[in-house]
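Read the structure below first, then the notes.
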Amino acid sequence: MKVTDHIKKAKGNTLFSFEIIPPKKGKNIQELYNNIDPLMEFNPPFIDVTTSREEFVYIEKEGLFDRKITRMRPGTLGICAAIKHKYNVDTVPHVLCGGFTKEETEYLLVDCHYLGIDNVMALRGDAMKGEQYFKATKGGHSYATQLVDQIQNLNSGKYLHGTLDVDDKADFCIGVAGYPEKHLESPSMQSDLKRLKEKVDAGADYVVTQMFFDNKKYFEFVDAAKKEGINVPIIPGIKPIAVKRHLQLLPQVFKIDLPETLISEVEKCSDNKQVRQVGVEWCIQQSKELLDAGVPVLHYYSMGKSDNIKSIASQLF
Ligand SMILES: Cc1cc2nc3c(=O)[nH]c(=O)nc-3n(C[C@H](O)[C@H](O)[C@H](O)COP(=O)(O)OP(=O)(O)OC[C@H]3O[C@@H](n4cnc5c(N)ncnc54)[C@H](O)[C@@H]3O)c2cc1C
């Protein structure tokens with residue numbers, strides 16, 4: 001079922017959902033299940049599975065280093081299929097421009113359709129690790145809007161190389177990313193909103209936001225998006241702070257601000273166990289306010305660990 005249909009079916013009640021990351025190559029899927037199991041009591045109608053793009057690895061060979069490109073966390077689609085089958089829940093694979101040709105994307109979408117996956121998140125992806133700027137993959141897309149176009153084309157039976165004799169059209173519901181504190185490369189908030197509107201005009205059905213720690217940022221973003229003519233659901237994506245290092249890491253990676261009160265509460269902690277508790281409490285307060293505001297879904301970035309998400313969800317759902 002489509003994410004937008006789950007939202008309609010909920011008739012104004014806020015849904016619970018979360019995002020997971022595929023394990024590193026060679027790791028057992030059981031650990032993922034161990035982290036999903038405790039969250040299933042909150043009835044997530046859908047679970048997102050991220051896609052990690054390829055990266056460089058250096059292999060020593062006779063004193064020299066050979067540079068190879070590899071994907072350390074493959075398996076997004078396999079995990080989506082496994083979870084859908086095991087828990088009877090909708091799964092949302094993240095589909096990236098970076099690292100994939102248009103053909104590879106088409107094959108992935110065909111597989112999704114065969115597997116009964118009704119939703120995909122269309123994303124550009126970041127620059128490769130160690131590179132400063134995003135570079136489009138040869139034969140791939142440069143922006144998420146183009147990916148949305150490709151998915152919409154497929155929805156209308158248009159494949160890359162000519163219209164085929166199609167009697168079983170895909171009908172993907174498409175999610176895209178939105179940034180309450182603007183995307184890090186965007187020259188201004190207004191410009192970023194215009195880009196978001198382009199994604200929605202191309203056929204995106206809903207937006208999931210980048211994490212934020214101050215709800216005001218989300219509420220202002222939703223208002224500004226509405227003024228821009230964006231009328232699809234905007235799902236808040238939130239994450240509990242879990243380690244002290246997040247104080248530097250999150251602003252550095254995502255170019256987001258952390259509220260002063262949260263910073264000082266985390267700084268007072270003597271270990272990461274305390275930080276995790278502060279993160280949970282902050283996230284509960286954030287979630288309660290968002291819930292009162294009637295957001296369609298509370299979507300949590302679990303980063304593969306569920307104990308803190310469970311503590312939060314058990315106070316709300
Ligand atoms: C909910 C969510 C889930 C995510 N999941 C993943 C994941 O699974 N894997 C992963 O690698 N990353 C993921 N990301 C990160 C995401 O890939 C990065 O933030 C990436 O840098 C931008 O992706 P996007 O889809 O927003 O790009 P786009 O919408 O393409 O925007 C990228 C930048 O280009 C600008 N722009 C857009 N169109 C144009 C244009 N035509 N001309 C000029 N500028 C333009 C935008 O303003 C923005 O600054 C996720 C992010 C979010 C919020």
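Every number here is computed from the coordinates shown, using simple stated rules; none is lab data. Bear in mind the structure is a predicted one, so any value in this text is a computation, not a measurement. As a convention, Cβ positions derive from the backbone with ideal geometry for all residues, glycine included, and neighbour counts pool all protein chains shown.
Of note:
- For the stretch 1-147, share of DSSP beta bridges that run antiparallel, in % to the nearest 5: 40 percent
- Across all Cα atoms of the stretch 244-316, the radius of gyration (one decimal) and Dmax (whole number) stand at 12.7, 37 Å.
- For the stretch 1-107, applying the loop criterion from DSSP together with a ceiling of 13 other beta carbons within 10 Å to the trypsin sites (Lys or Arg not before Pro) yields Lys11, Lys24, Lys25, Lys27.
- Once the gyration tensor of the Cα atoms in the chain is diagonalised, the equivalent ellipsoid follows with semi-axes of 29, 25, 21 Å, ordered largest first.
- Residues whose amide H comes within less than 5 Å of that of Tyr300, counting only those at least five positions distant or on another chain, are Ser17, Phe18, Glu19, Ile238 (H built at 1.01 Å from N in the peptide plane).
- A Förster distance of 35 Å, applied to the separation of the beta-carbon atoms of Gln248 and Glu289, puts the FRET efficiency at 0.85.
- The relative contact order of the chain, computed from alpha carbon pairs under 8 Å that lie at least 6 residues apart in sequence, is 19 percent.
- Of all DSSP-defined beta bridges confined to the chain, some 25% are antiparallel rather than parallel.
- Distance between the 7 Å Cα→Cβ label points at Asp257 and Tyr33: 4.6 nm.
- The GluC sites (Glu not before Pro) of the stretch 77-174 meeting both criteria, a DSSP state outside H, G, I, E and B (loop) and at most 13 other C-beta atoms within 10 angstrom of the site's C-beta, are Glu131.
- Ranked from largest, the principal axis spans of the Cα set of the stretch 36-131 equal 53, 32, 21 Å.
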